[in-house]
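The values are calculated or read from the model by the stated rules, or taken from the named source; none is laboratory data. This structure is a prediction, so every number in the text was calculated from the model and none was measured. For neighbour counting, all protein chains shown are included, and Cβ atoms are generated from backbone atoms with ideal geometry for every residue, glycine included. Side chains included, ligands, DNA and RNA excluded: accessible areas come from the protein's heavy atoms. Shrake-Rupley method; radii C 1.70, N 1.55, O 1.52, S 1.80 Å.
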Amino acid sequence: MRPPEVDRVAASRAAVAARRARADVKKNVVIGVRSPEDVVRAGLAEPAGAEGSLRVRDLLLSIPGLGPVRSDRMLEKLAISPSKRVGGLGRHQQERLLDSLSARAGGSATARPGGGPGDGSQLVVLAGPTAVGKGTVSTYIRENYPEVKLSVSATTRAPRPGEIDGISYFFVTDAEFDRMVAEGEFLEWATVHNSSRYGTPRGPVQEALDAGRSVLLEIDIQGARQVRASAPEAVLVFLLPPTWDELVRRLIGRGTESSEEQARRLATAKVELRAQNEFDFRVVNNKVEDAAREVVDLMNISARPATA
Ligand code: 5GP
């Protein structure tokens with residue numbers, strides 16, 4: 001007997017919604033907003049959800065650098081059938097898949113190799129893609145966690161309304177910036193968005209660390225890489241948007257940029273998101289106060305919100 005027309009319509013609508021949800025999961029893996037390990041864990045927790053009903057092969061195909069040949073080879077090695085869905089994996093298959101995915105990613109991005117933040121002061125770098133809200137999170141930390149020393153960068157860009165020299169930035173001329181570079185005064189520096197230069201003055205950071213305080217640098221990804229190279233003990237935190245669509249919404253924001261500018265920013269954000277595996281920790285910026293708390297927790301301090 002055929003199901004009544006209404007049931008068939010509802011079923012086909014549900015199937016379309018499920019396909020769309022799976023496509024979203026894959027898109028977020030493609031651009032790096034979600035790690036494949038996160039997707040597997042979510043799928044195992046809820047086998048009937050979008051992640052759980054995703055075929056393992058489709059998940060592997062979403063991982064940058066894994067084409068059909070490598071994906072099939074990996075499935076064969078893991079003894080997982082190509083038609084297997086994430087939610088239907090057996091216990092040993094789950095373990096093998098998760099091990100193999102984290103080995104590919106170079107270890108878990110949420111576990112710092114060589115242990116977590118140690119005793120004493122900590123140098124923490126907060127970076128992330130354009131428009132993810134790094135500035136808002138670091139301003140929240142400055143205003144609510146006075147124990148955290150926020151590094152004040154030097155920049156050659158002009159102050160925006162409301163910005164205060166010495167608090168928001170040290171606003172310097174090109175010549176002064178050149179001098180600071182020549183005299184080795186920067187811990188790191190970079191040209192950001194192909195326009196102005198920004199740098200972290202080394203002296204105040206070192207003084208605070210020597211005095212046992214933890215220091216937060218809110219800098220771009222190029223700067224984070226320089227800090228990794230010159231201060232390997234620094235903790236690198238990557239701020240992520242809740243989803244790719246949310247990042248697009250924040251980037252396009254007020255709609256004041258031209259469509260070419262919007263496309264350029266989106267392309268930059270995609271490249272920046274790919275850097276996340278170089279970082280020790282990932283923090284999702286769902287709510288500013290929660291993200292700020294997570295970042296502060298990574299600094300080895302007994303900080304409490306000043307206003308709480
Ligand atoms: P804005 O001009 O909007 O204040 O900042 C633009 C970008 O410059 C942001 O991505 C910010 O993280 C980055 N930035 C700010 N200070 C520094 C710094 O000292 N070094 C580096 N490398 N980037 C910085």
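Using +1 on the beta carbon of Lys and Arg, -1 on that of Asp and Glu, and nothing else charged, what's the dipole of the chain about the Cα centre, debye to 20? If you can, show how the numbers build up before the last one.
On the way: 43 positive and 40 negative charges, 350 e Å.
Dipole magnitude for the chain comes out near 1680 debye.
Ignoring everything except DSSP H segments at least 4 long, calculate the 222 nm mean residue ellipticity for the chain; use -39,500 (n - 2.57) per segment, divide by total residues, nearest 500. Write out the running numbers ahead of the final one.
On the way: 12 runs with 142 residues, N = 308.
Calculated at 222 nm, the ellipticity per residue is -14500 deg cm²/dmol.
Would you mind estimating how fast the chain diffuses translationally, via Stokes-Einstein at 25 °C and 0.890 mPa s with the Kirkwood radius over Cα pairs, in µm²/s? Show your work: numbers first, answer last.
Details: Rh = 21.7 Å.
In µm²/s, the coefficient is 113.
Dipole magnitude of segment 30-186 about its Cα centre, charges +1 at Lys/Arg Cβ and -1 at Asp/Glu Cβ only, in debye to the nearest 20? Let's see the in-between values first.
Working: 19 positive and 19 negative charges, 203 e Å.
About 980 debye.
Placing +1 on the Cβ of each Lys and Arg and -1 on the Cβ of each Asp and Glu in segment 123-299, which of Pro232, Leu217, Ala263 has its Cα farthest towards the positive end of the resulting dipole?
Ala263
Any idea of the accessible area per residue across the chain, 1.4 Å probe, to the nearest Å²?
Numbers: 16140 Å² over 308 residues.
Per residue, the chain has 52 Å² of solvent-accessible surface.
Determine the equivalent ellipsoid of segment 159-308 by diagonalising the alpha-carbon gyration tensor, then write out the semi-axes as square roots of 5 times the eigenvalues, largest first, rounded to whole Å. Present the calculation step by step, with values, prior to reporting the outcome.
On the way: eigenvalues 134, 103, 55 Å².
After diagonalising the Cα gyration tensor, the semi-axes are 26, 23, 17 Å.
Quote the charge dipole size of segment 95-251 about the Cα centre in Debye, to the nearest 20; the model charges only the Cβ of Lys and Arg (+1) and of Asp and Glu (-1).
The dipole of segment 95-251 has a size of about 420 debye.
Any idea which of Gly162, Thr191, Pro146 is furthest toward the positive side of the dipole for segment 143-192, if Lys and Arg beta-carbons carry +1 and Asp and Glu beta-carbons -1?
Working it through, the farthest residue towards the positive pole turns out to be Gly162.
Karplus couplings for segment 152-165 from phi (6.51 cos²θ - 1.76 cosθ + 1.60, θ = phi - 60°), rounded to Hz, Gly and Pro as x?
Residue by residue, segment 152-165 yields 9, 7, 9, 9, 8, 7, 6, x, 8, x, x, 7, 10, 4 Hz.
Express the carbon and sulfur contribution to the solvent-accessible surface of the chain as a percent, rounded to the nearest whole number, probe 1.4 angstrom.
On the way: 8400 of 16140 Å².
Result for the chain: 52 percent of the exposed heavy-atom area is carbon or sulfur.
With an 8 Å cut-off on Cα pairs and a minimum separation of 6 or more residues, tell me the relative contact order of the chain in percent.
Details: 435 pairs, mean separation 69.3, N = 308.
Contact order relative to length: 23 percent.
Taking every alpha carbon pair in segment 1-53, what does the distance histogram look like in 5 angstrom bins from 0, in percent?
Taking every Cα pair in segment 1-53, the percentages come to 4, 20, 20, 19, 13, 9, 7, 5, 2, 0.
What figure, in Å² to the nearest 10, do you get for the accessible area of Ser259 with a 1.4 Å probe and non-protein molecules left out?
Solvent-accessible area, nearest 10 Å²: 80 Å².
Note the full-extension length gain between Arg20 and Lys270 as 0.36 nm times their separation in residues minus their Cα-Cα distance, in nm to one decimal. Walk me through the numbers before you get to the answer.
Numbers: separation 250, 0.36 × 250 = 90.00 nm, distance 2.10 nm.
Separation in residues times 0.36 nm, less the Cα-Cα distance, equals 87.9 nm.
Could the peptides 234-246, 279-291, 204-216, 157-169 be put in order, highest first, of the mean number of other beta-carbon atoms found within 10 Å of their residues?
Highest mean packing first, the order is 234-246, 279-291, 204-216, 157-169.
Is there a pair in Lys27/Lys77; Lys27/Lys84; Lys134/Lys270; Lys26/Lys270; Lys26/Lys84 whose C-alpha atoms are over 22 Å apart, and which pairs would that be? Can you show the working numbers first?
Numbers: Lys27/Lys77 25 Å; Lys27/Lys84 20 Å; Lys134/Lys270 16 Å; Lys26/Lys270 15 Å; Lys26/Lys84 16 Å.
Over 22 Å Cα-Cα: Lys27/Lys77.
What residues have an amide H closer than 5 Å to that of Glu188, excluding those fewer than 5 places away on the same chain, when H is modeled at 1.01 Å from N in the peptide plane?
Residues meeting the criterion, in which the H sits 1.01 Å from N, are Thr200.
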